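The values are calculated or read from the model by the stated rules, or taken from the named source; none is laboratory data. Note that the structure is a prediction, hence the values are computed from the model and not measured. All Cβ positions, glycine included, derive from the backbone under ideal geometry; neighbour counts span all protein chains shown. Accessible surface areas use protein heavy atoms only, side chains included; no ligands, DNA or RNA. Shrake-Rupley method; radii C 1.70, N 1.55, O 1.52, S 1.80 Å.
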Amino acid sequence: MSVSSLDQLCVNTIRTLSIDAVQKANSGHPGMPMGIADVAYVLWTRFLKHNPENPDWVNRDRFVLSAGHGSMLLYSLLHVSGYDLSIDEIKKFRQLGSKTPGHPENTVTPGVEMTTGPLGQGFATGVGMAMAETFLASSFNTPDYSVIDHFTYAIVSDGDLMEGISHEAASLAGHLKLGKLIYLYDSNRISIDGSTDLAFTEDVAKRFEAYGWHIQTIDGHNHDSIEAAITEAKDVHTQPSLIICKTHIGFGSPNKQDSASSHGSPLGEEEVILTKKQLRWEADELFHVPDEVVQQFRSWSDAGSEMEEKWKETMKDFEADHPELAVSFKNAIHHQLPVNFEELLPVFETDETGLASRKSSGLVLTELKEHLPNLIGGSADLTGSNNTELKDKGIFTPNNRTGQNVHYGVREHAMAAAANGMALHGGVIPYTGTFFIFTDYMRPAIRLGALMETPSIFVLTHDSIGLGEDGPTHQPVEHLASLRAMPNVTVIRPGDANEVAYAWKNALERTDGPTLLVLTRQNIPTLPRTTANAASLTERGAYVYRDTKQTEPEAILIASGSELHLAIEAQNELLEQGVNTRVVSMPSWELFQQQDKAYQESVLPSSVIKRVAVEAGSTFGWERWVGSEGKVIGMDTFGESGPYKQLYEHFGITRQAVIEAVLNL
């Protein structure tokens with residue numbers, strides 16, 4: 001084993017910083033950083049292309065700590081490498097308001113690529129990053145210029161590989177032959193409950209070999225072996241790589257090495273002293289970073305700065321030789337949409353029969369695809385049902401890296417995480433498609449996207465009992481309420497084709513979080529429009545679709561999606577009966593909540609307390625908009641199997657029910 005005294009000093013600095021921070025916080029996971037420190041050190045000082053002075057450099061390597069519980073490993077690396085993460089922040093590990101939260105958060109700490117902690121998410125999100133890299137490289141690199149050329153690395157744990165999402169994502173990555181994806185597996189064979197033999201005895205190498213990955217197994221404490229393995233992995237261009245690193249959790253701890261007790265708890269003061277003695281470290285030296293360690297890490301960081309400068313020079317020449325391609329590249333990287341973007345939206349003529357909103361969504365994509373060359377999306381084996389195909393734009397495959405259509409297979413969870421990864425990488429606009437019910441399988445990734453502020457777009461069709469005969473297993477009931485409760489998620493359920501167009505506009509323009517487009521299977525009328533009820537008002541979340549002739553209505557009907565036309569039909573009859581009623585289309589609670597109080601009052605005047613909301617889903621939450629005097633027509637049971645029109649009658653979501661509710665009020 002060839003390890004210089006300086007190398008050992010650097011590795012032990014990472015270990016002791018992690019030990020001290022966890023001990024001071026009296027909370028955290030010291031064992032993993034202690035065990036994988038050798039691997040991380042070699043990667044960060046001999047391979048990782050990054051620049052601490054510009055953490056957002058487009059062509060940097062991406063590093064994901066999928067085993068986010070070992071966050072002090074990453075914080076230690078960032079600190080000694082020169083990122084804006086001071087030793088004072090290290091000392092405030094896991095404290096309120098610090099840049100060193102318990103699990104890494106990309107919106108909090110410079111240099112953290114993604115928020116990790118829920119195991120498996122980093123693994124799957126990294127796959128999306130690698131997909132984005134290869135798409136952009138194939139789209140913009142020329143024989144003379146490589147403007148995008150980097151690797152995606154991750155440190156993954158036993159827990160990551162146990163989670164089901166890792167199976168989905170590994171299968172997808174192997175199928176796509178993502179050669180610039182290199183994962184370092186911290187195989188320490190310990191989990192919280194004890195030895196992994198309690199529950200995890202599969203042959204990981206054979207499993208990943210079956211997925212089509214390149215496999216190596218090494219001693220995770222031997223620097224020469226680590227370097228050789230990463231070098232070999234980088235030379236494998238047609239397979240993602242898994243390097244199985246055999247390590248000792250809690251390395252150096254006399255009494256806790258290779259035990260579950262070092263996984264999720266501080267070592268304890270006595271064991272800290274013994275461990276530091278074992279590592280030849282002064283016990284009273286807390287948060288000590290030797291100057292020569294800083295110099296070692298900063299020398300590689302300086303090399304990264306030089307790499308970026310060379311890249312900038314390359315970009316200047318690229319712009320001169322390929323001006324149009326360079327403009328397209330910059331627009332993609334900076335999420336610049338066409339200047340006349342709104343004018344590109346299709347306008348749908350009034351039609352009583354109308355279209356399913358999933359179909360009008362597909363027509364919107366057809367109109368926009370020629371103007372958004374970095375739009376890349378697909379479906380979890382439901383392309384025809386979701387209407388998510390970008391026709392004539394090719395399929396993203398190992399033989400066609402510029403294809404804009406992704407076939408994810410039946411892998412909803414990995415699909416959502418991959419979309420997050422592409423959005424985090426930047427340069428592409430990712431969207432996915434499946435049935436709304438299957439957000440049950442996507443929810444952890446959607447939530448993480450919201451936390452990370454990724455502009456992922458999720459197309460979710462078959463949005464209610466309106467899907468009909470497939471029955472309650474496929475009929476979402478509580479899903480709107482559930483996802484509306486999630487912070488930083490915009491849920492849009494458009495009420496006709498023109499609302500769909502503006503829903504897409506809002507989703508494509510958003511840069512700070514996910515958007516969910518919730519769409520119907522069944523046809524819904526395309527409604528007549530005037531300046532007063534223009535479809536562009538969709539972007540305000542709610543608007544007065546049709547009002548009474550009086551200054552103030554007696555009652556207000558509020559509806560979203562496929563139930564908007566029910567409210568309009570009810571209004572017609574109520575007006576005939578002399579009840580002055582306003583119809584409000586409310587496709588998005590979240591967008592409406594973002595409007596100023598004056599606008600909200602103009603749509604839902606507080607003086608009008610007789611309100612009826614209608615939506616083919618859970619009534620939960622609608623009391624916010626109808627108030628204590630109002631009525632909600634929806635459903636709080638599971639659905640049934642049958643033709644959708646019969647189901648609406650069966651569950652009492654009808655025009656007549658709306659009319660009676662208003663009259664009763």
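Quick notes on this structure:
- Evaluating 6.51 cos²θ - 1.76 cosθ + 1.60 at θ = phi - 60° for every residue in the range 499-515, the Karplus couplings come out as 5, 4, 4, 6, 5, 5, 4, 4, 5, 6, 7, 6, 10, 10, x, x, 10 Hz, glycine and proline recorded as x.
- Prolate/oblate/rounded call for the range 545-628, Cα gyration tensor, a/c under 1.5 rounded: oblate
- Filtered GluC sites (Glu not before Pro), the range 248-350: DSSP coil and at most 13 other beta carbons within 10 Å: Glu282, Glu285, Glu349
- Qualifying chymotrypsin sites (Phe, Trp or Tyr not before Pro) in the range 173-273, where qualification requires a DSSP coil assignment and no more than 16 other C-beta atoms within 10 Å, comprise Phe200.
- Euclidean distance between Cα centres, the range 330-371 to the range 626-645, Å: 31 Å
- At an R0 of 35 angstrom, the distance between the Cβ atoms of Glu640 and Glu554 translates into a FRET efficiency of 0.50.
- Centroid-to-centroid separation of the range 259-295 and the range 486-503 [C-alpha atoms, Å]: 52 Å
- Principal-axis tilt of helix 291-321 within the chain, Cα atoms, nearest 10 degrees: 50 degrees
- Gyration tensor (alpha-carbon) shape descriptor, the range 99-169, a/c threshold 1.5: oblate
- Within-12-Å neighbourhood charge of Glu640 [Cβ basis; K, R +1; D, E -1]: -3
- Degrees separating the helix 269-278 axis from the principal Cα axis of the chain, which is the longest one: 50 degrees
- Solution diffusion estimate, µm²/s, Stokes-Einstein, the chain, Kirkwood Rh from C-alpha pairs, 20 °C, viscosity 1.002 mPa s: 80 µm²/s
- For Ser241, distant residues with modelled amide H under 5 Å away: Leu181, Ile182, Tyr183, His214
- Fraction of beta bridges assigned by DSSP in the chain that are antiparallel (%, nearest 5): 15 percent
- Karplus-derived 3J(HN,Hα), 6.51/-1.76/1.60, for each residue of the range 88-101, Hz, glycine and proline x: 5, 5, 4, 5, 9, 3, 6, 9, 4, x, 7, 8, 10, x
- In the range 230-307, trypsin sites (Lys or Arg not before Pro) in a DSSP loop with at most 13 other beta-carbon atoms within 10 Å: Arg280
- For Gly433, the residues whose modelled amide H falls within less than 5 Å of its own, excluding neighbours fewer than 5 places apart on the same chain, are Gly378, Ser379, Ala380, Val459.
- Scattering profile of the range 479-596 at q = 0.13, 0.17, 0.22, 0.23 Å⁻¹ [log10 I(q)/I(0), Debye over alpha-carbon scatterers]: -0.50, -0.83, -1.25, -1.33
- Nearest 10 degrees, 0 to 90: helix 564-576 Cα axis against the chain principal axis: 30 degrees
- Among Gln600, Thr581, His474 - extreme Cα towards positive end, dipole of the chain, charges at beta-carbon: Thr581
- Carbon plus sulfur fraction of accessible area for the chain, probe 1.4 Å, in percent: 47 percent
- Euclidean distance of C-alpha centroids, the range 150-166 and the range 56-134, integer Å: 14 Å
- For the chain, the residue among Gly111, Gly212, Ser628 whose Cα projects farthest onto the positive side of the dipole built from Cβ charges is Ser628.
- Between Asn255 and Arg624, residue separation times 0.36 nm minus the direct Cα-Cα distance comes to 127.2 nm.
- Three principal axis lengths of the range 279-414 [C-alpha, angstrom, descending]: 79, 43, 32
- Counting only protein heavy atoms and a 1.4 Å probe, the range 189-282 has 51 square angstrom of accessible area per residue.
- Seen from Leu9, the other residues with C-beta closer than 15 Å to its C-beta sum to a net charge of -2, counting Lys and Arg as +1 and Asp and Glu as -1.
- For the range 118-206, the average shadow cast by the Cα convex hull is 6.4 nm², which is a quarter of the hull's surface.
- Cα gyration tensor, the range 1-115 - rounded (a/c under 1.5), prolate or oblate: oblate
- Among the listed pairs Lys330/Lys393; Lys49/Lys234; Lys24/Lys276; Lys177/Lys312, those beyond 19 Å (Cα-Cα): Lys330/Lys393; Lys177/Lys312
- Leading residue at positive end of dipole, the range 249-382 (Cβ point charges), from Ser259, Leu344, Ser360: Ser259
- Evaluated with a Cβ-only charge set (Lys, Arg +1; Asp, Glu -1), the chain carries a dipole of roughly 400 debye about its Cα centre, given to the nearest 20.
- Accessible solvent surface per residue of the range 134-179, calculated while the other protein chains remain in place, 1.4 angstrom probe, Å²: 28 Å²
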